[in-house]
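Participant: Handing you this structure, nothing more for now.
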Amino acid sequence: MVQNENMAKSKTQFSCSACGNITTKWSGRCEACGDWNTIVEDTPISSGPSAASLGVSKGRSIPLTDLRTEETPPPRAHSGIAELDRVLGGGLVPASAILVGGDPGIGKSTLLLQAAAQFARKGIKTIYVSGEEASAQVRMRAQRLDLTDAPVQLAAETNLRDILTTLEQEKPQLAIIDSIQTMWSDSVGSAPGSVSQVRAAAHELTSFAKRKGMAVILVGHVTKEGQIAGPRVVEHMVDTVLYFEGERGHQFRILRAVKNRFGPADEIGVFEMTGAGLTQVLNPSALFLSDRGQPSPGSVVFAGIEGTRPVLIELQALVAPSPHSQPRRTVVGWDGGRLAMILAVLEARCGIPFTGLDVYLNVAGGMKINEPAADLAVATALLSAREDTALPADTVVFGEISLSGALRAVGQTENRLKEAQKLGFTTAIAPKGGKSLAVDGITLNQLGDLTSFVGEVFGAG
Ligand code: TYD
Ligand code: MG
């Protein structure tokens, strides 16, 4: 009895709406993820009677199996949207939980409505639950996207209990929940969108999906302010985490797998937002190369790998005398810390200073690059801009730079070269070592360190 009273009196707790970290006191900055103004007051999820009060002997013994037990690979459902199927690791796995995160307005609802229609047309029973738009609005969008013939069933609802009851009766193979932040579970007292609500709703939906063999796709808006919990709060509960990204003003959108229990992470799918919805971009290299006419200083083509696919991407740098006492370092689509490192290596190992110079680096097409293999391409773009010397238009560059100024070989050289050859390039600058694979039509210029690179490509530096 005393125990129960204690439990009913729930203590106040605070959680970070960006990473979900729980603390007992408020502070301006989250200790776990370092974000500012994301800590909000939150009621804890009731955790049920504690193990001690239950007594260990009350548990049920669970069946154990060997590692050896044969497991057939999961059957997968294909949407027919190749860019989506690949990012999912080769199609949708039954009973899996997928999170699709992204900025508001980036096109998550559009993508998922199109995916829902495709799955439904393939005979997969699909329910689309919108907590943000009325059914009429979703239908209007479907009309515009020419999807009205698809047997998708719609609901506009935010009450999780009603949604689960409906899913229980209808037994769909796929349910899409748009968005998890609008869902409201009566097991938690706090407001929709709060960390505990988002967490509880995601937990109920994913465990329901596992139990019933239904795949569930949760939409999560990335939020900047602390009042609404972001998708990172539920990342650990799902099997697959996809982020839909793109620069505002660019029509290109990239669907990126950041976690996947059923396939490779880092796989990307490329889409273009048009008046008639999202269309696939099957040859992303052609897209990221923008319109390359005359070779221009500061512009370099990087032969990259995104997931399992080689992609050529144009990097652009601008270096100009700075009017500021603290020169600018502006990066779009790459890591600012890594840029600082390359500038430091160029100065320390090659004696090429960037003091007093503003440096701007941009990845064309709204792409984001994470690969260290882009180091050498970045250095090339910076030098090309600084020296006002254009690299020949038929050249691609890749390789990692170490702090000593040595160039390090990177993986998948052959795939990078083949992609370059396919798109009409004839020369590649790459680190020594690794497998020096000859690819027909490509002259491979292999260099050991940054100093010899500067000498060879830009003449003495
Ligand atoms: P939406 O899917 O609603 O974004 P999210 O669910 O991520 O918030 O997409 C909204 C934007 O997409 C909106 O600005 C309009 C644009 N859009 C198009 O350009 N073409 C289309 O066919 C559709 C449906 C939307
Ligand atoms: Mg939406």
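The values are calculated or read from the model by the stated rules, or taken from the named source; none is laboratory data. These numbers come from a predicted model, not from an experiment. All Cβ positions, glycine included, derive from the backbone under ideal geometry; neighbour counts span all protein chains shown. Please note that ligands, DNA and RNA were not included when accessible areas were found on the heavy atoms of the full protein model with its side chains. Shrake-Rupley method; radii C 1.70, N 1.55, O 1.52, S 1.80 Å.
Participant: Would you mind listing the strands (runs of 3 or more DSSP E) fully within region 270-324 where at least 1 residues are acidic (Asp, Glu) and surrounded by fewer than 23 Cβ atoms within 10 Å (Cβ to Cβ)?
Facilitator: 299-306, 309-321
Participant: If you don't mind, another one. Out of the residues in region 96-127 that are away from ligand 2 (no atom under 13 Å from the Cβ) and in contact with an Asp or Glu (Cβ under 9 Å, 6 or more places away or on another chain), which is most open to solvent (accessible area, probe 1.4 Å)?
Facilitator: Arg121
Participant: Checking the conditions here, which among Arg199, Arg232, Arg248 is within 16 Å of ligand 2 (Cβ to nearest atom) and under 24 Å from Trp36 (Cβ atoms)?
Facilitator: None of the others qualify; the one that does is Arg248.
Participant: Could you list, in sequence order, the residues of region 98-113 that are part of a loop (DSSP other than H, G, I, E, B) and closer than 14 Å to Leu84 by Cβ? Lay out the reasoning, then the answer.
Facilitator: Here is the first cut: in region 98-113, the residues part of a loop (DSSP other than H, G, I, E, B) are 103-107.
Selection gives Gly107 alone.
Participant: Take region 189-209 and flag every residue that is crowded, with 23+ Cβ neighbours inside 10 Å and not in a helix (DSSP H, G or I).
Facilitator: Hit for region 189-209 is Ser194, nothing else.
Participant: Filter region 355-380 down to the residues that are among the hydrophobic types (A, V, I, L, M, F, W, C) and either open to solvent by 40 Å² or more (accessible area, probe 1.4 Å) or modelled with pLDDT under 95 (or both) and list them by number.
Facilitator: Of everything in region 355-380, those that are among the hydrophobic types (A, V, I, L, M, F, W, C) and either open to solvent by 40 Å² or more (accessible area, probe 1.4 Å) or modelled with pLDDT under 95 (or both) turn out to be Val363, Ala364, Met367, Ile369.
Yes/no per residue for (1) touching a residue at least 60 places away in the same chain (Cβ under 8 Å); (2) open to solvent by less than 20 Å² (accessible area, probe 1.4 Å); (3) outside the structural domain of Glu272 (by TED's automatic domain parsing):
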site: Met341; (1), (2), (3): yes, no, yes
site: Val345; (1), (2), (3): yes, yes, yes
site: Leu382; (1), (2), (3): yes, yes, yes
site: Arg386; (1), (2), (3): yes, no, yes
site: Asp394; (1), (2), (3): no, no, yes
site: Val397; (1), (2), (3): yes, yes, yes
site: Lys418; (1), (2), (3): yes, no, yes
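Participant: Taking region 247-258, which residues are at pLDDT 85 or above and surrounded by fewer than 16 Cβ atoms within 10 Å (Cβ to Cβ)?
Facilitator: Matches in region 247-258: Val258 only.
Participant: Name the single residue that is most open to solvent (accessible area, probe 1.4 Å) among those in region 128-162 being β-branched (Val, Ile, Thr) and closer than 20 Å to Gly277 by Cα.
Facilitator: Thr148
Participant: Among (1) touching a residue at least 40 places away in the same chain (Cβ under 8 Å); (2) open to solvent by 40 Å² or more (accessible area, probe 1.4 Å), which single condition is Lys432 missing?
Facilitator: Failed condition: (1).
Participant: I'm told Tyr243 meets every condition in (1) away from ligand 2 (no atom under 16 Å from the Cβ); (2) outside any helix (DSSP H, G or I); (3) under 30 Å from Ile22 (Cβ atoms) except one. Can you identify the failing condition by its number?
Facilitator: Evaluating Tyr243 over (1) away from ligand 2 (no atom under 16 Å from the Cβ); (2) outside any helix (DSSP H, G or I); (3) under 30 Å from Ile22 (Cβ atoms) leaves (1) as the failure.
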